[in-house]
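Nothing in this text is a laboratory measurement; each read-out follows from the coordinates by a stated rule. The structure presented is a predicted model; accordingly, all values stated were derived computationally and were not measured. Here the Cβ positions follow ideal geometry from the backbone for every residue, glycine too, while neighbour counts run over all protein chains shown.
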Amino acid sequence: MVQWKRVLITGAAGFLGSHLTDAVLAMGAEVVGIDNLCTGSLENLAHLQHDSRFTFEHGDICTPFDVGAVDFVFNFASPASPVDYMKLGPETLRVGSVGTVNALEVAKKYGAGFLHASTSECYGDPEQHPQTESYWGNVNPVGPRSVYDEAKRFSEATIMAYHNYYKVQTSMVRIFNTYGPRLQPNDGRVISNLMMQALAGDDLTIYGDGQQTRSFCYASDLIAGIVALAQSGEALPTNIGNPVEWTIMECAKTVLEVTGSSSRIVYRPMPQDDPRQRKPDITKACTLLGWEPKVALRDGLLLSMEYFQERVARQQVKS
Ligand code: UDP
């Protein structure tokens, strides 16, 4: 295993960035986290405020920056939920383009390894199922999701260019739907919405007929896969996710069962360009990294329950 000394994590205050920060600190490295807090929260890092091996910089990676010598860069800065990136469209395009270039420049300057958080959205509304890394995708370049999808696709192209032209040691993970504690309660994602609604006794909102599918990975499984990928030095995109596929309706019923809630299910219009199906083919990650997800959806929802309960209680105090 490569022993990192000092690691930069962009987007460290986000859902995944903060879990990754915990994992890298646990491996014995120092971590510098940078985040402009446009969607992340310092609360996700509050438990590290007395950890002398962690430094936080409040900053925007779209402005060139230099945090000093590092031996690895994880590039996780970006709005990531459909609600957030549609609200912050230009910002999402900027961080995926200029921000990624600036983060790559840090890796290039210090000879550091680099891993980028890419996404299953690179496959768009996929016509190949399940999605293998060799599939080029079916993305609407001018639709509402394009600000995210094309930003991430541009990032991938830029990273390959830094790999090929400047010999930076790069990796990229295509992340599929992930959930767990620290998911923003109001970011509009399906798991946070359904868990918050079920625990508050509100109606569960299903978009469309609920027959669209997603495959949900628990945060700790995803982070284990990402760390293994970073250590592998594999340059081409690698899917990390849980391949068990759920319709959104099945997911909602599971949330009701796990929370013991008697909330009703209500239907809302299907958002434009919402992918009809999504399921990773993780053969590459399993073979290359010896990694596979361990936490089933029911168990992961149970593990997330206390977090969402606390968030519901907070909202109830406010209102
Ligand atoms: N969805 C839903 N109800 C909600 C939120 C989302 O039915 O309250 C659906 C959404 O239309 C999509 C799926 O759940 O088909 C996953 O949505 P999410 O926003 O979590 O992420 P996506 O996978 O679309 O990026």
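Observations, loosely collected:
- Each of Cys286 and His58 was given a label point 7 Å from its Cα along the Cα-to-Cβ line. The distance between the two points is 4.6 nm.
- In the chain, the DSSP beta bridges split such that about 10 percent are antiparallel, to the nearest 5.
- In terms of its alpha-carbon gyration tensor, the stretch 77-131 comes out oblate; a/c meets the 1.5 threshold, while b/c is at least as large as a/b.
- Cleavage-rule hits, trypsin sites (Lys or Arg not before Pro), the stretch 95-157, DSSP coil, Cβ neighbours within 10 Å at most 13: none
- About the centre of its Cα atoms, the chain shows a dipole size close to 100 debye [charges on the beta carbon of Lys, Arg (+1) and Asp, Glu (-1) only; nearest 20 debye].
- Trypsin sites (Lys or Arg not before Pro) within the stretch 1-102, DSSP loop, no more than 14 other Cβ atoms inside 10 Å: Lys5, Arg53
- R0 of 51 Å, Cβ-Cβ distance Thr132-Tyr267: FRET efficiency to nearest 0.05: 0.95
- Entry note, the chain: the mean residue ellipticity at 222 nm calculated from DSSP H runs of n ≥ 4, each adding -39500 (n - 2.57), is -12000 deg cm²/dmol after division by the residues and rounding to the nearest 500.
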